[in-house]
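As structure tokens, the structure follows; a few thoughts come after it.
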Amino acid sequence: CRRRWWTRLARMKSTGKIESARFFFALSPDARCRRRLSTIADQLAARCGGSATSKETLHLTLAFVGELPLARLPGLLAAAGDVAQAVGEAFAAGLFVLDRLRYWPSGKMLWATCADCPPRLEALAAALAGRLLAQDLVLAPRAWLAHVTLLRRVAVLPTSADLDALRRAPVRWPYRDFVLLRSFPGVAGAGYECLGRWPLRDG
């Protein structure tokens with residue numbers, strides 16, 4: 001998808017329509033995992049109100065870069081390439097299990113996370129952060145946490161039964177690559193465009 005992006009980038013720069021964009025690195029779920037998470041999000045929305053994350057935009061953020069000039073995009077692509085080509089168990093494909101639901105009261109959000117995040121996944125996120133910091137990019141000050149947002153603008157406090165949903169039926173998420181996404185506003189919320197995809201070696 002990078003070739004299509006570079007064509008659009010050249011067009012946007014020439015017309016002056018866009019000078020910056022919001023970028024982040026993420027894992028995208030496979031079709032089975034995406035269906036499971038979307039179903040859970042819809043069920044939670046039916047009980048707790050709010051807005052379920054759409055099936056198409058479900059993701060797990062590895063490194064949130066934020067708003068950057070388009071001129072910084074080549075550096076992001078290079079950073080991703082460095083991580084994908086690194087040798088070691090930490091940079092291989094893997095699997096994690098979403099088995100906990102958490103509610104964030106101040107943000108009125110429900111998200112899925114891992115009781116025990118695999119070290120390999122933490123290392124992948126740390127490697128991306130390290131490559132980005134080496135380019136003098138300022139990342140979010142809070143510690144990285146593996147999580148997937150399922151519900152926003154929660155209207156009714158979730159019950160203990162709601163929060164136990166993933167404990168009873170965990171979601172397995174196999175991953176073999178990671179992506180660079182551009183965020184843009186849409187009528188029904190934020191949309192994401194894939195700018196690059198990097199495979200990880202077999203574990």
List the pairs whose first member sits in region 69-88 and is in contact (Cβ under 8 Å) with a residue 24 or more places away in the chain, whose second member is part of a loop (DSSP other than H, G, I, E, B) and open to solvent by less than 20 Å² (accessible area, probe 1.4 Å), and whose Cβ atoms are under 9 Å apart, counting only residues at least 6 apart or on separate chains?
-> Arg72/Leu137; Gly75/Leu137; Leu76/Leu137; Ala79/Leu137; Val83/Leu200; Ala84/Leu200
For region 126-143, name all the residues that are modelled with pLDDT under 90 and not small (Gly, Ala, Ser).
-> Arg131, Leu132, Leu133, Gln135, Asp136, Leu137, Val138, Leu139, Pro141, Arg142
Output the residues belonging to region 93-122 that are open to solvent by less than 30 Å² (accessible area, probe 1.4 Å), aliphatic (A, V, I, L, M) and either over 17 Å from Asp30 (Cα atoms) or out of contact with any Pro (no Cβ under 7 Å at 6 or more places or on another chain) (or both).
-> Ala93, Leu101, Leu110, Ala112, Leu121
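Residues are listed down the side, and each one gets a yes or a no for (1) open to solvent by 40 Å² or more (accessible area, probe 1.4 Å); (2) of a type in the set (D, E, K, R); (3) under 13 Å from the mean Cα position of the chain (by Cα):
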residue: Phe23; (1), (2), (3): no, no, yes
residue: Ile40; (1), (2), (3): no, no, no
residue: Gln43; (1), (2), (3): yes, no, no
residue: Cys48; (1), (2), (3): no, no, no
residue: Thr53; (1), (2), (3): no, no, yes
residue: Ala63; (1), (2), (3): no, no, yes
Which pairs have Cβ atoms under 9 Å, sit 6 or more apart or on different chains, and link a residue in region 40-56 that is free of Cβ contacts under 8 Å to residues at least 12 places away in the same chain to one that is of a type in the set (A, V, I, L, M) and not in a helix (DSSP H, G or I)?
-> Asp42/Ala52; Ala46/Ala52
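Per-residue answers, yes or no, for (1) aromatic (Phe, Trp, Tyr); (2) more than 30 Å from Ala165 (Cβ to Cβ); (3) touching a Phe, Trp or Tyr at 6+ places or on another chain (Cβ under 8 Å):
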site: Asp82; (1), (2), (3): no, yes, no
site: Ala93; (1), (2), (3): no, no, yes
site: Trp104; (1), (2), (3): yes, no, yes
site: Cys117; (1), (2), (3): no, no, yes
site: Ala126; (1), (2), (3): no, no, yes
site: Ala134; (1), (2), (3): no, yes, no
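The values are calculated or read from the model by the stated rules, or taken from the named source; none is laboratory data. What you are looking at is a predicted structure, and each value in this text was computed from that prediction instead of being measured. Here the Cβ is made from the backbone with ideal geometry for all residues, glycine too, and neighbour counts use every protein chain on show. Quick note on the areas: whole protein, heavy atoms, side chains included, nothing else; ligands and nucleic acids left out. Shrake-Rupley method; radii C 1.70, N 1.55, O 1.52, S 1.80 Å.
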